[in-house]
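The block underneath contains the structure these notes are about, expressed in structure tokens.
Rule-based calculations on the coordinates, nothing more; no lab input. If you're wondering where the values come from, they're calculated on a predicted model, not measured in any experiment. Here the Cβ positions follow ideal geometry from the backbone for every residue, glycine too, while neighbour counts run over all protein chains shown.
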Amino acid sequence: MAESSVRPRVIPAREPAEASVGGIFRRYGERWLRGKSLSWRKLSAFLALRACRTEQMGVRQDVCTQCGTVRLSYCSCGDRHCPQCQFPTRERWLTARRAELLPVPYFHGVFTLPHEYNALVPANEALLYDMVFRTAGDVLLKHGRKQFRGRIGMLALLHTWTQRLRRHVHVHFIIPAGALTEQGRWRAARNSKWLFDVKEMMRQYRKSLSRRLKLARTRGRLHLPPAMAHLDSRREFGRFVDSVAEKDWEVYLKPPFAGPEKVLRYVANYTQRVAIGNGRIQSIDDGSVTFTWRDRSDRGRTRTEQVPAGQFIDRFMMHVLPKQYVKIRYYGFYAPRGRAARLEQIRTALHAEVPAESETAPSYGALWQRATGEDLTVCPVCGARMRLGARPASRGWLRFRGPPERTDVPHAA
């Protein structure tokens with residue numbers, strides 16, 4: 001038989017498993033969307049996750065250089081809320097942060113928005129998230145200046161959900177145990193198990209956040225949902241805030257149990273995705289979704305919960321962040337401008353080795369092989385080298401910054 005008559009084998013593309021966030025959106029999303037008016041950001045996230053790694057996102061072709069085998073694969077959506085897309089981004093972020101770790105103890109802090117304010121979040125997402133960031137950051141920086149007479153450094157990450165996908169707005173902080181003085185010296189914490197007075201931090205955080213909430217309402221920046229219309233007057237809203245301020249708020253600061261690397265890995269799990277990974281979804285049968293969650297009140301025991309599919313989508317979508325919202329922030333000597341020079345100063349003061357080269361971020365192929373055991377550069381038929389194809393030139397309207405001109409899905413401006 002002539003060589004030209006031999007047709008190369010074609011390996012078809014595969015869609016992701018049905019028991020996934022995208023699978024739930026594809027099966028039950030149309031029904032859930034009926035009658036809803038979403039912001040463009042939430043609508044674009046929903047449509048992107050639903051289309052991720054399906055024919056709608058386009059097909060990439062990898063070709064074997066020896067036997068001509070063609071392997072097709074659907075493109076990913078690239079949305080930062082997609083549990084399928086952000087593994088490479090997360091690993092590259094972790095690699096960059098690992099190179100910035102200092103040879104000192106680290107502390108792990110958490111500042112929480114009281115649940116009494118959860119009803120305010122849907123209409124004031126960016127405002128309240130910023131308020132928690134700024135208030136907690138100011139409190140920590142103030143304590144650092146007072147105790148160390150220098151500048152501490154912090155990495156902060158917004159986290160808005162619980163294991164059961166309920167709303168739970170809080171910010172994680174990773175803090176080295178010491179500060180950089182104006183003279184370029186490192187002033188270390190005296191106790192590796194204690195950094196700041198947590199009760200005093202809680203009182204300052206509670207007082208400052210309460211004041212900022214009242215001020216935002218007075219200036220008309222904070223909007224009340226219909227369920228809180230009875231707090232429309234300045235006096236009633238002030239009483240409501242004061243009543244919440246009478247309680248103890250959830251603030252803690254403790255050293256990581258297994259070193260800063262473990263806390264960094266823990267935080268990295270939440271840097272590039274939202275709410276739940278596909279591995280926790282057990283089934284999506286009969287209009288309901290069953291997923292697992294860890295019960296922290298019972299020694300982290302794994303439990304399962306079954307909810308209607310519409311309720312699951314509601315819970316997931318409440319954690320989609322506003323457009324271009326920055327959920328990872330850096331303070332003190334970790335602030336972006338001048339960070340490298342300050343870290344070099346600290347390493348010099350600690351007589352620590354300055355890395356000649358930062359760890360190289362792993363490639364997508366290496367990350368894929370680590371996660372699945374499959375080497376994308378090797379032909380599955382003959383074992384020769386595969387020439388990886390490029391993404392299609394156009395990835396559709398999901399890349400547009402604004403709403404499409406034609407869509408049958410209602411969206412709010």
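Things to note:
- Lys/Arg +1, Asp/Glu -1 at C-beta; region 160-216 dipole; positive extreme among PHE196, HIS168, THR181: HIS168
- Each part reduced to its alpha carbon centroid, region 232-250 and region 156-171 end up 22 Å apart.
- Ordering HIS351, HIS170 from the fewest to the most neighbouring beta carbons within 10 Å gives HIS351, HIS170.
- Placing unit charges on each Cβ (+1 for Lys and Arg, -1 for Asp and Glu) gives the chain a dipole about its Cα centre, and among VAL274, PHE25, SER243 the Cα reaching farthest toward its positive end belongs to SER243.
- 3J(HN,Hα) couplings calculated from phi for region 185-190 with the Karplus curve 6.51 cos²θ - 1.76 cosθ + 1.60 (θ = phi - 60°) are, in sequence order, 9, 9, 10, 7, 5, 6 Hz; Gly and Pro show x.
- Dipole of region 1-141, positive direction: furthest Cα of CYS82, GLN56, ALA45, with charges on the beta-carbon: GLN56
- Normalising the average separation of contacting C-alpha pairs (under 8 angstrom, six or more residues apart) by the number of residues puts the relative contact order of the chain at 26 percent.
- Residues with amide H under 5 Å from that of ARG167, placed H, sequence gap 5 or more: none
- Counting only DSSP beta bridges with both residues in the chain, the antiparallel share comes to about 90 percent.
- D (Stokes-Einstein, µm²/s), Kirkwood Cα radius, the chain, 1.002 mPa s at 20 °C: 88 µm²/s
- The chymotrypsin sites (Phe, Trp or Tyr not before Pro) of region 234-314 meeting both criteria, a DSSP state outside H, G, I, E and B (loop) and at most 13 other C-beta atoms within 10 angstrom of the site's C-beta, are PHE257.
- The stretch between THR89 and VAL307, if pulled fully straight at 0.36 nm per residue, gains 75.4 nm over its current Cα-Cα span.
- Estimated [θ] at 222 nm from DSSP helical runs (n ≥ 4, -39500 (n - 2.57)) normalised by residues in the chain, nearest 500: -10000 deg cm²/dmol
- Placing unit charges on the Cβ atoms only, positive for Lys and Arg and negative for Asp and Glu, gives region 1-83 a dipole magnitude near 440 debye about its Cα centre.
- Value of relative contact order over region 4-61, rounded to a whole percent, pairs C-alpha under 8 Å and six or more apart: 44 percent
- Long-range amide H partners of VAL289 with built H, under 5 Å: VAL307, ALA309
- A Cβ-based charge dipole, computed about the Cα centre of region 30-127 with Lys and Arg at +1 and Asp and Glu at -1, lands at about 220 debye.
- Filter on LYS207/LYS262; LYS42/LYS247; LYS146/LYS247 - keep pairs with C-alpha separation over 29 Å: LYS207/LYS262; LYS42/LYS247
- Applied to region 116-122, the Karplus parametrisation 6.51 cos²θ - 1.76 cosθ + 1.60 on θ = phi - 60° returns per-residue 3J(HN,Hα) values of 4, 9, 4, 5, 7, 5, x Hz, with x for Gly and Pro.
- This model, with +1 at the C-beta of Lys and Arg and -1 at the C-beta of Asp and Glu, gives the chain a dipole about its Cα centre of some 1200 debye.
- Less than 5 angstrom separates the built amide H of THR69 from those of ARG9, CYS64, all sequence-distant by 5 or more or on a different chain.
- Karplus-derived 3J(HN,Hα) values for region 145-151, using 6.51 cos²θ - 1.76 cosθ + 1.60 with θ = phi - 60°, are 5, 5, 7, 9, 6, x, 10 Hz; glycine and proline are entered as x.
- Across the chain, the longest piece that holds none of the GluC sites (Glu not before Pro) lying in DSSP loops with up to 15 other C-beta atoms within 10 Å covers 19-181.
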